[in-house]
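Each value in this text was obtained by applying a stated rule to the coordinates, not by laboratory testing. Because the structure is a prediction, the values reported are computed rather than measured. For neighbour counting, all protein chains shown are included, and Cβ atoms are generated from backbone atoms with ideal geometry for every residue, glycine included.
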Amino acid sequence: MSLFDTFKKKAGEAVDQHGDRITQGLDRASGAVSKATNGKYDDRIGKGVGKAKESLDKRHRKDGGPTDGTAGR
């Protein structure tokens, strides 16, 4: 197994265990950036956070979790 494969496996395990914390962190970080920029980039921040949450949900569904969009919550 290559170093990249090992890292990918470990990162996947961390996401599986801490998906809810990752989601909370995304929300907190987006709020902080929005506040720091006075909302100037809210549309871009929202798109990025949305994509990240979609990826978390997709991984959760792949691993047999619910498909109702509640992964990591």
Net lengthening on full extension, residue 11/residue 36 (0.36 nm per residue, minus Cα-Cα):
6.1 nm
Each residue of region 41-54 in turn: what ³J(HN,Hα) in whole Hz from Karplus with 6.51, -1.76, 1.60 and θ = phi - 60°, glycine and Pro shown as x?
10, 4, 5, 5, 4, x, 5, x, 5, x, 5, 5, 5, 4
Flagged links, alpha-carbon separation over 18 Å, of 8/47; 9/58; 10/62
8/47
Kindly put 56, 3 in sequence by how many other C-beta atoms sit within 10 Å of each C-beta, fewest to most.
3, 56
All other residues with a Cβ under 12 Å from the Cβ of residue 1 taken together, and with Lys, Arg as +1 and Asp, Glu as -1, what is their net charge?
+2
